[in-house]
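The values are calculated or read from the model by the stated rules, or taken from the named source; none is laboratory data. Since the structure is predicted, the reported quantities are computational estimates derived from the model, not experimental observations. All Cβ positions, even for glycine, are placed from backbone atoms using ideal geometry, and neighbour counts span all protein chains on display. These accessible areas exclude ligands, DNA and RNA; they are computed on the full protein's heavy atoms, side chains included. Shrake-Rupley method; radii C 1.70, N 1.55, O 1.52, S 1.80 Å.
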Amino acid sequence: RGAGRGGPGDAGPEVARRATLVAVLLVAHRQVVQRHGERRQGAVVEGGAETAEALLRESIALGPDRPAHVLPNLGLALLGSGRPEEARAAFGESLAEGASAETPEVVLYALEGLASVAASVAEDENAARLWGASEAVRESIGVILATAEFALHERLVPQSRARLGTDRFAAAWAEGKA
């Protein structure tokens, strides 16, 4: 392995760990801010988004040796920064990588992220199908959502269901789960 690929003094895993921590903290903070109805984000939060994105992009630059969770966390950071189309691209790339590497947990988080993006732009039928597919993967591998994804899921599912209507939402979810 070359420099930056796991040798002595390699910062790759530490950068990925820090990026994940910053992304999760950013999502959690944004959820608290939303819960309390605050309309503006302080400079620290904006710096947090920039820091998360920079660290995650640094991890991506490590190439194929990067941890599998980097792209889904980049998607979360981008979604939390109000950049849903960039988040969709990161989650889409993560889905392709997870499918080709046959890593169902990566597929799960990519599907969950894509559903969150769809819901955030009011593509509610697509969101419900993606959440159904995510649920099928979760059940097949016996995994529960991580804290940040669970909180986002719990916030967006009811909003999406309300916009689409309970029957249409349930039908789309079932279609995705099948």
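Scanning segment 60-117 for residues that are among the polar types (S, T, N, Q) and out of contact with any Gly (no Cβ under 7 Å at 6 or more places or on another chain) yields ASN73, SER81, SER100, THR103, SER116.
Checking segment 147-167 against the condition returns no match, with no residue being hydrophobic (A, V, I, L, M, F, W, C), under 21 Å from ALA99 (Cα atoms) and open to solvent by 40 Å² or more (accessible area, probe 1.4 Å). If we scan segment 146-168, do we find a residue that is part of a loop (DSSP other than H, G, I, E, B), within 12 Å of the chain's Cα centre (by Cα) and either small (Gly, Ala, Ser) or over 16 Å from LEU76 (Cβ atoms) (or both)? Within segment 146-168, one or more residues are part of a loop (DSSP other than H, G, I, E, B), within 12 Å of the chain's Cα centre (by Cα) and either small (Gly, Ala, Ser) or over 16 Å from LEU76 (Cβ atoms) (or both). Consider segment 75-89 and keep the residues that are modelled with pLDDT of 95 or more and open to solvent by less than 40 Å² (accessible area, probe 1.4 Å). The one that is nearest to GLU112 (Cα to Cα) is ALA87.
Residues ALA133, ALA119: which one is modelled with pLDDT of 95 or more, open to solvent by less than 70 Å² (accessible area, probe 1.4 Å), under 15 Å from PRO104 (Cα atoms) and touching a Leu at 6+ places or on another chain (Cβ under 6 Å)? On inspection, the qualifying residue turns out to be ALA133. Of the set (1) in contact with a helix residue (DSSP H, G or I) (Cβ under 7 Å, 6 or more places away or on another chain); (2) outside any helix (DSSP H, G or I); (3) open to solvent by 50 Å² or more (accessible area, probe 1.4 Å), all apply to VAL143 but (3).
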